[in-house]
Each structure stands twice: as structure tokens, then as C-alpha cells.
1. Please list 22-29, 33-40, 95-102 highest first by mean number of surrounding beta-carbon atoms within 10 Å per residue.
2. Nearest 20 debye, what's the magnitude of the dipole of the chain about its Cα centre given +1 on Lys and Arg Cβ and -1 on Asp and Glu Cβ?
3. Please state the relative contact order of the chain as a whole percent: Cα pairs under 8 Å, 6+ residues apart?
4. Straight-line reach from residue 29: which aspartates and glutamates have Cα under 20 Å away, leaving out those fewer than 8 places along the same chain?
5. Relative to the compact globular guide of 2.2 N^0.38 Å, what is the alpha carbon radius of gyration of the chain, as a ratio?
6. Determine the calculated [θ] at 222 nm for the chain from helices alone, applying -39500 (n - 2.57) to every DSSP H run no shorter than 4 residues and normalising by the residue count; nearest 500 deg cm²/dmol.
7. Out of residues 5 or more away from residue 60 or on other chains, whose amide H comes under 5 Å of its own, with H placed 1.01 Å from N in the peptide plane?
8. Quick one: if you stick a label point 7 Å off each Cα along the C-beta vector at residue 138 and residue 26, how many nm between them?
Amino acid sequence: MPRELAAADTGAPARVRLDVWLDVACVCKTRSAARQACLGGKIAVNGTRAKPHREIGAGDRIDVTTASGRRRELVVRAVAPRHVAKAEARALYEDVTPPPTPEEVELRELLRLAGPTPGSRQGAPDRRQRRLRRGARDRL
């Protein structure tokens, strides 16, 4: 029986947009974040870079590169057009990411212990930083 007929019997679609699925499956926090990840080249479907409007269905393989550079490999088990409970969302995919090597684990631990890098502070600059920037701008 074709996928379209099977989906019509259950009321669920056979295929949905990639950005919608990433949001519904709780892989990305929002659909907007999923869209940005797709446009930024962080998402690949079946080995090729994917755009947010790409339709995916059961059996597709999705590679996700996180902000930290870690790669996840997911196999789509089911699709849902609307949000579901988080426990049900985890059932939409199977995580087939290989476990990290001992070297990767050790490197992550060292980076965690090293703490944040200088200049990585987020947010607005303080008074001193604004004055330094203003002075550098005036010297140009």
C-alpha cells in the first residue's frame, strides 16, 4: 500500500515541511530556529543540504550540526503536522548518532573546565568597553 494511502487512512499526512518537523519533533526550539538552521547549512536530508520547505517523510535520514559543532544523525519514523507532547515527539525519530570517541569526551571536558574564552561575554558592552570602542572609532 503506498504511503499516501496509508496516511489518508490514519488522518496524518505522509510528508511535512522539514522546518515544521524539526520544530514538532523538538530538534529545534522554534520553527524560526529550524528555518535558520536549514538556511545556514546545518541540516542535511539523505546526504544533501536541505532547504526549510523540503518535504520529508518516514525513512528519511537527517543530519543536524549543532552550534557546538556536534553532529546528530536522526532517522524519521513518523511525521506530525502539529505539536504533540514531548514524549510523543521523541517517538517521531530514532537517534542513530554514533557515541563520541574517548578523545572527543576528553576534549569536551577540557573545554568545559577551561571556562568561557575572553571576549565571549554576551550582552551590551559596559561603560569601559563603550569608551574603548569610541576611542578606537575616533582614531580612525
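Any read-out appearing in this document is the output of simple, stated calculations on the displayed coordinates, not a laboratory observation. Note that this is a predicted model, so its numbers are computed, not measured. Methodologically, a virtual Cβ is constructed for each residue, glycine included, from the backbone with ideal geometry; neighbour enumeration extends over all protein chains shown.
1. 22-29, 33-40, 95-102
2. Using Cβ point charges on Lys, Arg, Asp and Glu, the chain gives about 1320 debye.
3. Taking the mean separation of contacting Cα pairs over the length of the chain, I get 18 percent.
4. 19, 55, 63, 73, 88, 94, 95
5. Working: Rg = 20.8 Å, N = 140, 2.2 N^0.38 = 14.4 Å.
Dividing the Cα radius of gyration by 2.2 N^0.38 Å gives 1.44.
6. Details: 6 runs with 55 residues, N = 140.
-11000 deg cm²/dmol, from helical runs alone.
7. Close amide H contacts, sequence-distant or interchain: 76.
8. Spacing of the two 7 Å Cα→Cβ label points: 5.3 nm.
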